[in-house]
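Peer 1: Would you mind keeping the following structure in view while I ask a few things?
The values are calculated or read from the model by the stated rules, or taken from the named source; none is laboratory data. As the structure is a prediction and not an experimental result, all values here were calculated from the model. For neighbour counting, all protein chains shown are included, and Cβ atoms are generated from backbone atoms with ideal geometry for every residue, glycine included.
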Amino acid sequence: MKKIIRIAELIGSDIRSRKNADHIRKGIADCTDVVELDFNGVEFISRAFADEIYTIVNENRNNVVLINIEGIVGSMMSVVSESRTHKRVWKNRKCQYERVFRYGKPIGLLGHFLKSGIVNVIIRGDTLLN
């Protein structure tokens, strides 16, 4: 027998926190049947919350279904789905960095980062360029 979780009643119509997905996880924790997450009445979800919903659906592929996903909610879920299925690929960019020191030593905290190799910057006068 399927279970319907009405998101607007459980959480509200404006959902902005990733943490709200915990309510849904608790609601489906022991379900072995199909669970419908009904977004009727939900006007907005944040990208973080949409990301958690995407995770919940993937963790429970065979028994969690999203229904009544329209408008901004549908758009946000599409954006998250697209970003999860088509990872951004950065082309190899060739950049040249110089280490410039005043008086032969790196300057303050910046010097710490330069020595550690975490950051390479160009210092010209009082201007930092990265």
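Peer 1: Is it the case that region 70-91 has a residue that's within 30 Å of M1 (Cβ to Cβ), outside any helix (DSSP H, G or I) and either touching a strand residue (DSSP E or B) at 6+ places or on another chain (Cβ under 8 Å) or modelled with pLDDT of 90 or more (or both)?
Peer 2: Among the residues of region 70-91, at least one is within 30 Å of M1 (Cβ to Cβ), outside any helix (DSSP H, G or I) and either touching a strand residue (DSSP E or B) at 6+ places or on another chain (Cβ under 8 Å) or modelled with pLDDT of 90 or more (or both), which makes the answer yes.
Peer 1: Shifting gears a bit: I'd like the full set of residues that are within 15 Å of the chain's Cα centre (by Cα) and under 16 Å from G12 (Cα atoms), limited to region 53-72.
Peer 2: Residue satisfying the conditions is I53 alone.
Peer 1: If you check every pair at least six apart or on different chains, which have Cβ atoms under 7 Å apart with a residue in region 61-76 that is surrounded by 14 or more Cβ atoms within 10 Å (Cβ to Cβ) first and a residue that is of a type in the set (K, R) second?
Peer 2: M76/R47
Peer 1: I've got another one for you. Just give me the residues in region 1-12 being part of a loop (DSSP other than H, G, I, E, B) and surrounded by 15 or more Cβ atoms within 10 Å (Cβ to Cβ), in sequence order.
Peer 2: I11
Peer 1: Another question about this same structure. Collect the residues in region 17-39 that are surrounded by 14 or more Cβ atoms within 10 Å (Cβ to Cβ), in contact with a helix residue (DSSP H, G or I) (Cβ under 9 Å, 6 or more places away or on another chain) and part of a loop (DSSP other than H, G, I, E, B), keeping them in residue-number order.
Peer 2: F39 - this is the single residue of region 17-39 that is surrounded by 14 or more Cβ atoms within 10 Å (Cβ to Cβ), in contact with a helix residue (DSSP H, G or I) (Cβ under 9 Å, 6 or more places away or on another chain) and part of a loop (DSSP other than H, G, I, E, B).
Peer 1: Mind checking which pairs have a first residue in region 28-52 that is within 16 Å of M76 (Cα to Cα) and in the same structural domain as V73 (by TED's automatic domain parsing) and a second that is of a type in the set (S, T, N, Q) and buried (at least 16 other Cβ atoms within 10 Å of the Cβ), Cβ under 7 Å, 6 or more apart or different chains?
Peer 2: D38/N68; F39/N68; N40/N68; F49/N20
Peer 1: For T32, are the conditions met, namely being under 22 Å from the mean Cα position of the chain (by Cα) and either farther than 23 Å from T85 by Cβ or at pLDDT below 95 (or both)?
Peer 2: The answer is no for T32.
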